[in-house]
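Heads up: the structure comes next, in structure tokens.
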Amino acid sequence: MTLTINLPPELEQYLQEEAKQQGLSVDAIALQLLTQSILLKQKQAQAVDVLQSWIDDEDVEEQQETGQYLIQVLDEDRLSERKLFPLELKGVTW
């Protein structure tokens with residue numbers, strides 16, 4: 001597909017400088033940046049879908065067990081003796 005876009009001078013200058021730095025044509029750098037933007041949006045949408053599926057999951061007991069397991073593992077796998085999730089701060093800071 002051929003696409004013609006009227007760019008503001010600042011954006012045109014940015015594309016030209018970026019293309020020069022990477023040794024690519026302006027067309028190639030514009031396509032690369034557009035592709036990166038679209039792929040990022042797709043990854044964000046996938047992440048949102050995963051998070052939403054977790055929110056929609058109604059197995060509360062499993063979620064609580066997983067949360068407790070994560071807290072335990074994070075507290076155990078530390079170089080310091082200081083806990084990330086001290087019991088006295090439960091409900092206060094976490």
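Of note:
- In order along segment 57-73, the phi-based Karplus estimate (6.51 cos²θ - 1.76 cosθ + 1.60, θ = phi - 60°) of 3J(HN,Hα) comes to 5, 9, 7, 4, 4, 5, 4, 5, 5, 5, x, 5, 4, 4, 4, 4, 5 Hz; Gly and Pro are listed as x.
- The chain, accessible surface, carbon-and-sulfur percent (1.4 angstrom probe): 57 percent
- Only DSSP H runs of four or more residues enter the estimate; each adds -39500 (n - 2.57), and after division by the residues of the chain the mean residue ellipticity at 222 nm equals -23000 deg cm²/dmol.
- Gain upon complete extension [Leu79, Lys20; 0.36 nm per residue less C-alpha separation]: 16.6 nm
- Prolate is the label for the chain. Its Cα gyration tensor axes, ordered a ≥ b ≥ c, give a/c of at least 1.5 and a/b above b/c.
- A simple spin-label model places pseudo-atoms 7 Å from Cα toward Cβ; at Glu12 and Lys43 they are separated by 3.2 nm.
- Cα gyration tensor shape for segment 15-70, rounded if a/c is under 1.5, else prolate or oblate: prolate
- Based on protein heavy atoms only, segment 1-84 ends up with 92 Å² per residue of surface accessible to a 1.4 Å probe.
The values are calculated or read from the model by the stated rules, or taken from the named source; none is laboratory data. The structure presented is a predicted model; accordingly, all values stated were derived computationally and were not measured. Note: ideal-geometry Cβ built from the backbone for every residue, glycine included; neighbour counts use all protein chains shown. Just the protein is used for accessible areas: all its heavy atoms, side chains included, with ligands, DNA and RNA removed. Shrake-Rupley method; radii C 1.70, N 1.55, O 1.52, S 1.80 Å.
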